[in-house]
1. Shielding by partners for B:141-150, please: the mean number of other protein chain Cβ atoms within 10 Å of each residue's Cβ.
2. Assume the label is 7 Å from Cα along Cα to beta carbon: what separations in nm does residue A:171 have to the matching positions in the other copies?
3. Could you rank the peptides B:28-39, C:190-201, C:117-128 by their average count of other C-beta atoms within 10 Å per residue, with the highest value first?
4. With only alpha-carbon atoms in the gyration tensor, what are the semi-axes of the equivalent ellipsoid for the range D:30-136, in Å, largest first?
5. Can you work out the Karplus-derived ³J(HN,Hα) for every residue in the range C:103-113? Use 6.51 cos²θ - 1.76 cosθ + 1.60 with θ = phi - 60°, whole Hz, and x for glycine or proline.
6. Taking 41 Å as R0, compute the FRET efficiency from the Cβ-Cβ separation of residue A:65 and residue C:208 and round it to 0.05.
7. Where the label is 7 Å out from Cα toward Cβ, how close does residue B:55 come to the same position in every other copy, in nm, shortest first?
8. Would you mind listing the distances between the residue D:197 label point and the same position in each other copy? Use 7 Å along Cα-to-C-beta, nm, one decimal, shortest first.
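What follows is calculated from the coordinates using simple rules that are stated; it is not laboratory data. Remember, it's a predicted structure, so these values are computed and weren't measured experimentally. Glycine gets a Cβ as well: all are built from the backbone with ideal geometry, and neighbour counts include every protein chain shown.
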Number of protein chains: 4
Amino acid sequence: MRKLPDRVWKLPRHEDDEAAEEGIGRILALSDGVFAIAITLLTLEIAIPASTSDAGLPKALLELWPRYLAYVLSFVVIARFWVIHRLAFRLIARVDAALVWLNLLLLMFVAFLPFPTAVVGAHAGSPAAAVLYAISVCLTSTAWAACWWYASGRGKLLGPDVGRAQIRALRARSLSGPVFFALTLPIAVFAPYAAEILWFLAFPLARIVFAWFLTEEHEQPG
Amino acid sequence: MRKLPDRVWKLPRHEDDEAAEEGIGRILALSDGVFAIAITLLTLEIAIPASTSDAGLPKALLELWPRYLAYVLSFVVIARFWVIHRLAFRLIARVDAALVWLNLLLLMFVAFLPFPTAVVGAHAGSPAAAVLYAISVCLTSTAWAACWWYASGRGKLLGPDVGRAQIRALRARSLSGPVFFALTLPIAVFAPYAAEILWFLAFPLARIVFAWFLTEEHEQPG
Amino acid sequence: MRKLPDRVWKLPRHEDDEAAEEGIGRILALSDGVFAIAITLLTLEIAIPASTSDAGLPKALLELWPRYLAYVLSFVVIARFWVIHRLAFRLIARVDAALVWLNLLLLMFVAFLPFPTAVVGAHAGSPAAAVLYAISVCLTSTAWAACWWYASGRGKLLGPDVGRAQIRALRARSLSGPVFFALTLPIAVFAPYAAEILWFLAFPLARIVFAWFLTEEHEQPG
Amino acid sequence: MRKLPDRVWKLPRHEDDEAAEEGIGRILALSDGVFAIAITLLTLEIAIPASTSDAGLPKALLELWPRYLAYVLSFVVIARFWVIHRLAFRLIARVDAALVWLNLLLLMFVAFLPFPTAVVGAHAGSPAAAVLYAISVCLTSTAWAACWWYASGRGKLLGPDVGRAQIRALRARSLSGPVFFALTLPIAVFAPYAAEILWFLAFPLARIVFAWFLTEEHEQPG
């Protein structure tokens, strides 16, 4: 039997280099589509029971408050993934098959997030709901970290002008997500509400980590 | 402990300036996606009960009229946000992190609108439904006003050719939304149907405000 | 009181002329988004009852055949609107505010189509369902005809190279839709299944009308 | 009666040639939209019963495992269609009306896939569910094979630089899908779980077929 060549498991990189522009274009189009839909589908989880009477409507609307909070939380979480995705892909000059699939893995977890959001919205005080949410966001963050570490490391897919400080800062930032949500896992088990409050703080935390590493590098040459 | 630099809380603006083109491209792609989905999801709120018999179908279809009206109203409301978004972003030459997040805030409210639409469609005569709708659109308008005032003011993100009259006209127009929907709030409490009729008038009102300010400025140089 | 200028009711055309490229870009992005979502949402109307047992599954799947047919019919109907939209917008060189709103009117009807599709899928033999479907597609076709007649007529929005024969052929084609679906209305009342079969023929009919007019003009110079 | 010209059944190709760039742009926009939505709608099929109590939540979440698996399987299946679609359309330089409709046929089956996914998720061990899934993916693969064989064969729509080896490899790859899923049909009837495991292997299989043909050709000139 004929021996299969090594490149069975990877698409030829050269081909992607040539048409990198358009190749990235469709990846971003699919990604923006998935982000936009995942964000908008969150609304479908907010609904009043069909049996609600006009008289009972005010109370029914107010009792939905955990779903409003879950909507805002998940919107911010997904929006942050989009913001960092956009920031990082402006530094990425080429794509290869591995990055395409790592990006699809990220999108798989992003598209999944409306489900844990719905569960947290319906069972705000339940440890199981909080644990599911923490695990889901942790996996999404890990997929993003894999994207960025591959693109900036082994994949050598960045443009020539990207500084080492920026790469390191974005690497640290990409790790802050999985680490943070993994750390909130035990809190989610024993105090679901406390974990949910902590998640709202994830945004400023990542910002501080990002700035810290960016600064450190800038200070070295001085 | 090392002191964090000032820019922890804002992304470096320079970086965004360089690649403003493509940066705006993805913001518009995400925005168009969210607008398109929010508009299309409105249809999901129109449904006949699964138990409807063939004989009862005509009556069931006619009884859905408040949902048809709610669909048209919300389609026009969201379409107007898109039209003004498109008009304004043609004057915006650069984006910074603040505008990205203000735009995401706007999208969060736009993506939420299918929910109050569903509530108004199911409870057309209920003050609670009308109040929810008025508040939702008021918040969406406020988010848009914040986008435009920031971009045209402190953010200095407009292109060099944008006239002061146009900026002022769009500022007035962006305020007309929140003010108008806030004014209909008390009407929504006491006469929900009257408020719903008024909302259909929001479109010509904004047009008149826009033209008024554009004219005023044009007459001054003359 | 100061007199309002004439142009209160229309946006200044000049402004749109300048940046027509990008202006059209976002209109097409929104339109493609709405078409893509309307097409994909059709699937949501196909569902088996949650109470179906494993043993009853084959029967339940086969009994859904009217929904499969409704899915294919509506997919082809919406796809045809997209194909003609794409064909016509390649001839349109500029947009003004009127075309933007006529296009939004078209999208409003396109986004509505999943609802009549669901009704026809659930009540295939019901005259009410067939009438609703015929009216919905008739209104959608009319909105498209309005778009094209405005763009190619009063709006003067076409590029300089567009031949008169092509304009006339597309005008005839845009009218064939509303006329055809209006003619099937009485059939839908008395023989819903016959109307549904006729609708599958709408595609070749439009093609023949289109070619007829294109040919006629080409023969005149000869 | 006037004789209809031959080209009644096909749009004039010339017209498409001229503006091939932009024509392809909208086809890809619609395709990416449908892929993104089909992928994201898969999540809607994962839901816990509204009657689940907080105490019963952990069990309810764990019992959803067939739906998680169905989600991952269908995400990978649809993602693969997108990856090959993107790869092939980078070699396609022109589109004509036939390819537009073949591509729409592909999108019709892609947009349908959330339904068999939901059925497999709800009835993992049922032969009927597995057969429905195999048939759906088989039809989708066949539509894709038709796209590629037409574009690379009779349609003559490829760019001038595309090598014969690449065309043949992609042709073989496009056939591997329908053949593979058709072969799993009898397995789906008698051992649904075995078929579901096999489908997870479809990805590496296609990769091997692709590399095999690419290699064979490269060895001939040597």
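1. For this peptide, the per-residue mean of nearby foreign Cβ atoms is 0.
2. When each copy's label point is compared with this one, the spacings are 4.7, 4.7, 6.6 nm.
3. Ranked by mean Cβ neighbours within 10 Å, highest first: B:28-39, C:117-128, C:190-201.
4. Listed largest to smallest, the semi-axes of the range D:30-136 are 33, 14, 11 Å.
5. 5, 5, 4, 4, 5, 4, 6, 4, 5, 7, 4
6. Efficiency, from the Cβ-Cβ distance: 0.10.
7. 3.2, 3.2, 4.6
8. Taking the point 7 Å beyond Cα along Cα→Cβ, the inter-copy spacings are 4.9, 4.9, 6.9 nm.
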